[in-house]
Amino acid sequence: MSGIESILNIPPALIYIAGAALLPLFGKGKARKIYLIVLAALGLLGVAMLKPQTTWGFSVLHGLELTFLHVDSLSLIMGYIFAIIGGAAILYSIDVTRETGEHICGLLYLGSALGAVFAGDFFTLYIFWEIMAFSSLGLIWYSKTERATNAGMRYILFHLFGGCALLGGIIIHYMNTGSIAVGPVELGIGYLLVLIGIGVNTAFIPLHTWLPDSYPKATIAGAVFMCVFTTKTGVYVLARTFPGVEAVAYMGGLMVLYGVAFALLQNDVRKLLSYHIVSQVGYMVAGVGIGTYIGINGGIAHVFNHILYKALLFMCMGAVIFGTGKNNLTELGGLAKKMPITMITCIIAAFSISGVPGFNGYVSKGMVIHAAEVEGMHILALALILGSVGTFLSFLKLTYFTFFRKNGEIEAKEAPLPMLIAMSVTAFLCVAIGVYPKLLYGILPYAEEAFHYHAYGFGHTIGTLELLMMTAGGFFALQFVFSPHERITYDLDYLYRKAGKGFIWFCEQPLVTVAEFIDKGLLKIADSLVWVSKNPTAASRMMVAMVGAVVLRSFNSDNPYGRDLEKLKRQAVDEPISLSLGAGVLLVLILFTLYLTIYLTHGVLWI
């Protein structure tokens, strides 16, 4: 191994994390831009130099080793796409991001995502999992709006819940098996907790609401980072731990349809894209759940392709927001001539996500649908096909009302050069893989099996084109139905927020009332005990009088104890009874004798 290979054969996460730590040293001018570009190139080179079966770790306890680098075909393809799109996102952010802290959050987010996919054990995975959550939170809060602050709080609450579930499952798995290697989990409580923890990051229904709530409120560059790493890292870990689980496959189908349905209702362009993350991740989850070679290949291929076109879509819409200051379809239109490069790259991304032949989404989406059909999961295959129709409708709506609808009042200019370069390179990769899918086949987890799949089979290609043309015809014929509207769309988060308000009310009203009642009761008991300790003679006389009064009351006879009790109560308040020194000494001797007797007779048993 050469010297340069030895240097770079380290966890790529360390390159970006160290780069984030050093970033403040380069100020905010040209030096910082050059540094970021060099860092992106170095990170990409670091991943490219990795070889399968490479490991890097150390022991922390006897028999417990943390593995920070575990390279195989699955982790390597994730590393490639994370480093590629991470470099594009860094380039995209150079002119649009002013805050050093935002760049630091982006680099930490990228580094921790790479750390998670190359982690060889669950505890290392968990460490990077949590760094991802908190570093991505900064990309929301750097928007510095009240809506972003509130969305960030909901975002981190979801991920803290998911992280706790994941950690609990990991601990139970370790206690049951003695192994911390990332892999399938045994059935039981640990199995369920790990699945829930992964499900939060992967946006399982109904654990998905953090995503469309927070991503549209992130910064322009922050949303590009966020659309890539969290959900795809979740899919990667799902492929490691739950391949071939049928329930997971059908959850993917539900995600596809649910995300498409809500995307069609959106007016905010980035919220539309966010719901399509839920939908598109559904294809990946379905492929993992199918669990066959073609299913896993299709799911991971869709991870790779989705990262390219989804990042490109967020770049394009970020450029539109940057150039116009508007993010709602009802306010947009007429940008085709004013932002031509953004328009072209956006159309490429829209065709890619819609699965149009000649673009990368067609290749991987077809693999997943084919895997479902081969396994006889026809309901799942139908759901995936219907999702493709809804996806094409959504992006006909997005591109038409953003770029081609007439709007003579809008003012805009093309995006800065670094943004255009990042968008153009990403668009080129979408087309290159679509035209020549073997570029992707060779790096899939089961590469040999991948080459047996023929993406451009005559029947499949013609059927896809027919379906897309009918969908386009329906869109333009019923354009008024798909016209954007300014309205509030309620998702399951509406129920969560209502439940949250109810819980807060319960804590502030009934629970506090009960707590105050108990507190007052305990204070009264404590006061009584203090009084008894100061007035033991009076207390004993009152106790005798009280018992006597209760007993005699039942016989309806004259009750002298009742009169004594009233007298003692008045005396306790007005004339406290003092205990003489001799009586006090006698009481202590009696208690000591009682203690000594009990100790001598039963002390051996206590020991």
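Values in this text are rule-based calculations from the coordinates and carry no lab data. In this text the structure is predicted, and so the values were computed from the model without any measurement. Here the Cβ is made from the backbone with ideal geometry for all residues, glycine too, and neighbour counts use every protein chain on show.
Here the relative contact order of the chain, from alpha carbon pairs under 8 Å that lie six or more residues apart, stands at 11 percent.
Considering helices alone, the calculated mean residue ellipticity of the chain at 222 nm is -24500 deg cm²/dmol, with DSSP H runs of length four and up weighted by -39500 (n - 2.57) and normalised per residue. Considered as an equivalent ellipsoid built on the Cα gyration tensor, the chain has semi-axes of 63, 30, 26 Å, the largest given first.
Within region 391-483, the chymotrypsin sites (Phe, Trp or Tyr not before Pro) that combine a DSSP coil assignment with at most 16 other C-beta atoms in a 10 angstrom radius are 451, 456. For the chain, the membrane-span-like helices by this rule, meaning whole DSSP H stretches whose C-alpha atoms cover at least 30 Å of axis and whose Kyte-Doolittle mean is 0.0 or above, are 73-96, 146-177, 220-241, 269-290, 293-324, 378-399, 510-534, 581-606; this says nothing about an actual membrane.
Computing FRET efficiency as 1/(1 + (r/R0)^6) for residue 181 and residue 452, where r is the C-beta to C-beta distance and R0 is 41 Å, gives about 0.85. For region 274-383, the set of trypsin sites (Lys or Arg not before Pro) satisfying both a DSSP loop assignment and a count of at most 12 other C-beta atoms within 10 Å is given as 337.
Annotation: lysines with alpha-carbon distance below 17 angstrom to residue 413 (same-chain offsets under eight excluded): 326, 337, 338. How high is the relative contact order of region 301-491, in percent, counting Cα pairs under 8 Å that sit 6 or more residues apart? Relative CO of region 301-491 lands at 32 percent. Counting only cysteine Cβ atoms and a cutoff under 4.7 Å, the chain contains unmatched residues 105, 164, 227, 430, 507. Take the Kirkwood radius over Cα pairs of region 301-491, plug it into Stokes-Einstein at 37 °C and 0.692 mPa s, and you get 185 µm²/s for translational diffusion. Along each principal axis, taking the top coordinate minus the bottom one, the Cα set of region 156-261 gives 44, 26, 19 Å in descending order. Database remark: amide H of residue 69 closer than 5 angstrom to the amide H of 56, 120 (H placed geometrically; neighbours at sequence offset of 5 or more, or on other chains; Pro and chain starts carry no H).
Under the convention that each Lys and Arg Cβ holds +1 and each Asp and Glu Cβ holds -1, the size of the dipole of region 433-510 around its Cα centre is about 220 debye.
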